[in-house]
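The values are calculated or read from the model by the stated rules, or taken from the named source; none is laboratory data. Because the structure is a prediction, the values reported are computed rather than measured. Ideal geometry is used to build each Cβ from the backbone, glycine not excepted, and the neighbour counts take in all protein chains shown.
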Amino acid sequence: MCQHQPPCPSADSADRESARLVAHHPEQGWSLLCNGVVLFEDTGELLPDGRIIAPQRSRGTSLTTA
């Protein structure tokens, strides 16, 4: 899929998020990368084969109620 030199990381690689942007839609909360990965603003991902990567939430953040 990627025509860049050097090629972007594949959708299966650990650094897949570093691929180049193909489309960016902040008003809808998602971006498409050159390797076919769809990134969502909540840090979730949809891989080209349909697998879902759950959002990566910080464990240091806690909600408190008054």
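Give the residues of region 43-57 that are loosely packed, with under 15 Cβ neighbours inside 10 Å, in contact with a strand residue (DSSP E or B) (Cβ under 8 Å, 6 or more places away or on another chain) and among the aliphatic types (A, V, I, L, M), sorted by residue number.
ILE52
Only residues that are in contact with a Leu (Cβ under 7 Å, 6 or more places away or on another chain) and part of a strand (DSSP E or B): list them for region 1-38, please.
If the condition is that a residue be in contact with a Leu (Cβ under 7 Å, 6 or more places away or on another chain) and part of a strand (DSSP E or B), then LEU21, VAL22, ALA23, TRP30, SER31, LEU33, VAL38 are the ones that fit.
Kindly establish whether LEU63 is among the aliphatic types (A, V, I, L, M) and modelled with pLDDT of 95 or more. Quick ask: steps written out before the conclusion?
Values: among the aliphatic types (A, V, I, L, M): yes; modelled with pLDDT of 95 or more: no.
No; evaluated as a whole, the condition is false for this residue.
Taking region 19-42 only, how many residues are polar (S, T, N, Q) and either within 16 Å of PRO55 (Cα to Cα) or surrounded by 12 or more Cβ atoms within 10 Å (Cβ to Cβ) (or both)?
Start the filter on region 19-42 by keeping residues that are polar (S, T, N, Q), which leaves 28, 31, 35.
When the remaining residues are screened for being either within 16 Å of PRO55 (Cα to Cα) or surrounded by 12 or more Cβ atoms within 10 Å (Cβ to Cβ) (or both), the result is 31, 35.
Within region 19-42, residues that are polar (S, T, N, Q) and either within 16 Å of PRO55 (Cα to Cα) or surrounded by 12 or more Cβ atoms within 10 Å (Cβ to Cβ) (or both) number 2.
Can you run down the residue pairs with Cβ atoms below 9 Å, 6 or more apart or on separate chains, where the first is in region 4-15 and surrounded by 12 or more Cβ atoms within 10 Å (Cβ to Cβ) and the partner is in a loop (DSSP other than H, G, I, E, B) and among the β-branched types (Val, Ile, Thr)?
As it stands, the answer is ALA11/VAL37, since those pairs meet every condition given.
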